[in-house]
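This report concerns only the one structure given below.
The values are calculated or read from the model by the stated rules, or taken from the named source; none is laboratory data. This structure is a prediction, so every number in the text was calculated from the model and none was measured. Quick reminder, even Gly has a Cβ in these numbers, built from the backbone with ideal geometry, and neighbours come from all protein chains shown. Side chains are part of the model used for accessible areas, which takes the heavy atoms of the whole protein and leaves out ligands, DNA and RNA. Shrake-Rupley method; radii C 1.70, N 1.55, O 1.52, S 1.80 Å.
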Amino acid sequence: LVEHIMTPFQLMGSIARKDEVWNFEDESEISIYTYLGLFGSGYTVPVLVVFIQVSVMAILFGTNTDFKRGILGKEHEEQVQSFPCLSMSIVVIMLYIIKVVPDLIVRFYNSVGTASTVHARLNHISEQLWLKDDDRIGQKIGLKMDTFMNTTYVTILYIINIYIIINADDPLDIILNSLALEFVETLDEVISDSAWWDGKKRWIRAGAVEIVLQNTLKASCLKSAIKFSEEFNIPDRVVSAMCNHHPTLFCDKAVAAEDVNNPRLMSKSEIIKSRCVDIAMRTGNPKALQEYKKSAVYFSSLEAMFRPCFPWVRNGGLFERHFMYRTWTRWNQVLYYAPVPDLDTLFERDENNKYVLSWHLKNIVHSVDKPFANFDDNEESTTWRFVRTYFKVVLLVDFIEHVVSSWRRSRLLRIPFHILNGLLTWIAYIVQLVFPIIASAIFVELLIEMRHDYIIPFYETYEGNDSLWFTS
């Protein structure tokens, strides 16, 4: 029980201590969109980068719309690539098949949260928050941008570049377009790895700790008497009465402000710090105030700049986003109200008159009708989980489950989001399947064209003429 209770704190401690399993310094898949998904703020740079990446893709496609060749054959038989261009196209497509396709598969595998990388773990926790609707709107947008821009966008960009390659008239254009593509598609990762962005990886660790806290806190239960009653087996009318019938229960900014400054609810160190802050404020000592009172910290510079102007950003900053839940007087009333299990049904005495677990507990098993909380008996590998998830999304099983779940829980406002997310996710998964097929088909087509337009005519021209062959 203690281990179960302490797991979230141990996880947050592992992130803060820079343990090997949370090595952000060597993680290459983290992008600026990952930061947006964690903090739900700091839109400026991600929006600019999206504009750049989408603009480049549109410009590449728009300036090469006069294609001589379709995806599965030439539109005009008289249009033939020169031998150097055709040879370069074959080499680049071969590179795509042996390097880009596996890289995209691994990146997609990591992005959907089934791998053991740091980025996959962050996406998995963020996805759990999204499914429980406990994340902020900015976190929702950042999570979907992180997944879409690092999988679907990159794949579509490579497909467009294949069109450009097979219609190029100059081998140098093929090389330059391919190099420019590599820079554009990794722009979001390059910026996040810059020294000016988050050189010491302190922000990304703070964001990781926050989503673990959010996932553990269950904010939706703390703001609804019905959900709180279902989760902790306390009558909703009792919970509501203990919270003075406040519509959001424990989420009360006014009560939290009073309780935080109430000496009776402080520890000794907190009382001393509070008195030092009062003295520093009365004497007008800014250095002492800075020492004993933490200043608000914001990941987004624009959020800090416009904080006085907009009420929805008037909070204590990144580390004070859950300030309104510090309603200690209400917690003191509810904390010990939940029914305690009868220990005689759990323990019994052995021959040495010591307490041991009751043998009757073996008769209590996990089942579909009476499942154990926080228990999963499905010990499948991450690879098999990825395959199962892939087919559930492609066959729309995952989409139907989410819509039906929202309907049954009367969360009707989430259904449009599920529809939009289901459509984008389905496109993302389908594109990953289509790209290897397109690349392979184009490669075979180019080989056939090389044989038909150059190799066969070459042998027909020089066949039977040894002196011309030797001269050539």
Set Val238, Val209: member being aliphatic (A, V, I, L, M) and over 25 Å from Phe148 (Cα atoms): Val238
Positions within the range 316-338 being open to solvent by 50 Å² or more (accessible area, probe 1.4 Å) and at pLDDT below 85, in sequence order: Phe319, Glu320, Leu335, Tyr336, Tyr337
Some residue of the range 177-186 being of a type outside the set (Phe, Trp, Tyr), touching a Cys at 6+ places or on another chain (Cβ under 7 Å), free of Cβ contacts under 8 Å to residues at least 60 places away in the same chain and open to solvent by 40 Å² or more (accessible area, probe 1.4 Å): no
Qualifying position, being in a helix (DSSP H, G or I) and crowded, with 18+ Cβ neighbours inside 10 Å, among Phe228, Phe250: Phe228
Of the criteria (1) more than 24 Å from Asp26 (Cα to Cα); (2) surrounded by fewer than 18 Cβ atoms within 10 Å (Cβ to Cβ); (3) of a type outside the set (Gly, Ala, Ser), which one Leu129 fails: (2)
Residue check, Ile400 open to solvent by 60 Å² or more (accessible area, probe 1.4 Å), out of contact with any helix residue (DSSP H, G or I) (no Cβ under 7 Å at 6 or more places or on another chain), at pLDDT 85 or above and within 27 Å of Pro102 (Cβ to Cβ): no
Number of positions in the range 135-147 that are under 19 Å from Ala58 (Cβ atoms) and surrounded by fewer than 19 Cβ atoms within 10 Å (Cβ to Cβ): 0
3 or more residues closer than 17 Å to Leu446 by Cβ and at pLDDT below 90: qualifying helices (runs of 4 or more DSSP H) within the range 33-115: 83-95
Of all residues in the range 208-225 being assigned to a loop (DSSP other than H, G, I, E, B) and of a type in the set (D, E, K, R), the one that is most open to solvent (accessible area, probe 1.4 Å): Lys223
Every pair of residues 6+ apart whose Cβ atoms lie under 8 Å, when the first sits in the range 271-289 and is within 16 Å of Asp259 (Cα to Cα) while the second is surrounded by fewer than 15 Cβ atoms within 10 Å (Cβ to Cβ): Ile271/Pro263; Ser274/Asn261; Ser274/Pro263
Cross-chain or 6+ apart pairs with Cβ under 9 Å, the range 339-350 first and over 27 Å from Val238 (Cα atoms), then among the aromatic types (Phe, Trp, Tyr) and part of a strand (DSSP E or B): Phe347/Tyr355; Glu348/Tyr355; Arg349/Tyr355
Residue tally, condition at pLDDT 80 or above and surrounded by fewer than 11 Cβ atoms within 10 Å (Cβ to Cβ), over the range 280-304: 5
Verdict on Asp103 being under 18 Å from the mean Cα position of the chain (by Cα) and open to solvent by 50 Å² or more (accessible area, probe 1.4 Å): no
Arg205 being out of contact with any Ser or Thr (no Cβ under 6 Å at 6 or more places or on another chain), basic (Lys, Arg) and surrounded by 15 or more Cβ atoms within 10 Å (Cβ to Cβ): yes
Which listed residue is at pLDDT 75 or above, within 30 Å of Ile105 (Cβ to Cβ) and in contact with a Lys or Arg (Cβ under 8 Å, 6 or more places away or on another chain), from Leu447, Leu424: Leu424
